[in-house]
Ligand code: HEM
């Protein structure tokens, strides 16, 4: 959090960069399984983008632990605070699990894990048809859960921004320096 009660610049940059990457990944993933013609091109994009998400989520988690997010408004109902915290940690868990499962699933299937032409990743799981049969559907099920969580997150952000107008959305949109909303959790002057 910066001194204006907003997310710091690195947290905001990573949030919006990763939001675009995650949405792209969900659509690229869906495109890969519905179009045979596009599958090789989309798969070539899917692997490096997924590994980039894995690296960025590590940076993001370290930054979050070093620079905690602004507190939620004190008047937000406890159930909504719980839902916010639970969904944020679920998003982190999925952003670690999805790329690792994708990587492990290709390893288990014995496929080469090509990042770019000539750059291969090592296998992270043993070559096993049984393991592949477990990980392949896990990648799909978690993708649905990720999609649903992203939609809920988007709905909550719009509820804060358009209905409650409590500065929560603003704290991720801008630095808070200059005019605008009061810092989160600080009551407005009478
Ligand atoms: C945040 C990261 C990721 C997301 C959101 C994601 C999402 C998806 C989605 C939505 C699909 C299509 C749905 C389905 O499984 O039927 C898919 C398929 C697939 N993903 Fe990922 N994925 C991610 C990371 C990775 C990584 C890092 C790899 C490999 C290194 C990978 C490998 C694959 C493969 C090979 C398929 C298609 C399998 C097939 O058609 O048989 N994914 N992914």
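The values are calculated or read from the model by the stated rules, or taken from the named source; none is laboratory data. The shown structure was predicted, so the numbers you read here are calculated from the model rather than taken from an experiment. When we count neighbours, we look across all protein chains shown, and the Cβ atoms used for this are built from the backbone with ideal geometry, even at glycine.
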Looking at residue 27, is it within 19 Å of the chain's Cα centre (by Cα) and part of a loop (DSSP other than H, G, I, E, B)? no
Return only the number of the condition from (1) over 18 Å from residue 96 (Cα atoms); (2) crowded, with 16+ Cβ neighbours inside 10 Å; (3) modelled with pLDDT under 95 that residue 29 does not satisfy. (1)
List pairs: first residue in the range 84-101 and in contact (Cβ under 8 Å) with a residue 60 or more places away in the chain and over 27 Å from residue 124 (Cα atoms), second residue outside any helix (DSSP H, G or I) and more than 8 Å from the ligand (Cβ to nearest atom) anywhere in the structure, Cβ distance under 8 angstrom, at least six positions apart or on different chains. 84/72; 84/76
Given the conditions (1) more than 16 Å from the chain's Cα centre (by Cα); (2) surrounded by fewer than 17 Cβ atoms within 10 Å (Cβ to Cβ); (3) in a helix (DSSP H, G or I), report the number of the one that residue 89 does not fulfil. (1)
When the range 42-53 is examined, which residues are found to be touching a helix residue (DSSP H, G or I) at 6+ places or on another chain (Cβ under 9 Å) and either more than 8 Å from the ligand (Cβ to nearest atom) or within 15 Å of residue 105 (Cα to Cα) (or both)? 42, 43, 45, 46, 47, 50, 51, 52
For the range 92-126, which positions are assigned to a helix (DSSP H, G or I) and either farther than 28 Å from residue 150 by Cα or modelled with pLDDT under 95 (or both)? 108, 109
Condition first: surrounded by fewer than 16 Cβ atoms within 10 Å (Cβ to Cβ), more than 10 Å from the ligand (Cβ to nearest atom) and either part of a helix (DSSP H, G or I) or in contact (Cβ under 8 Å) with a residue 12 or more places away in the chain (or both). Now tell me which residues in the range 1-24 satisfy that. 9, 10, 13, 15, 16, 17, 19, 20
What is the residue count in the range 92-118 for residues that are exposed (fewer than 15 other Cβ atoms within 10 Å of the Cβ), farther than 15 Å from residue 53 by Cβ and within 12 Å of the ligand (Cβ to nearest atom)? 2
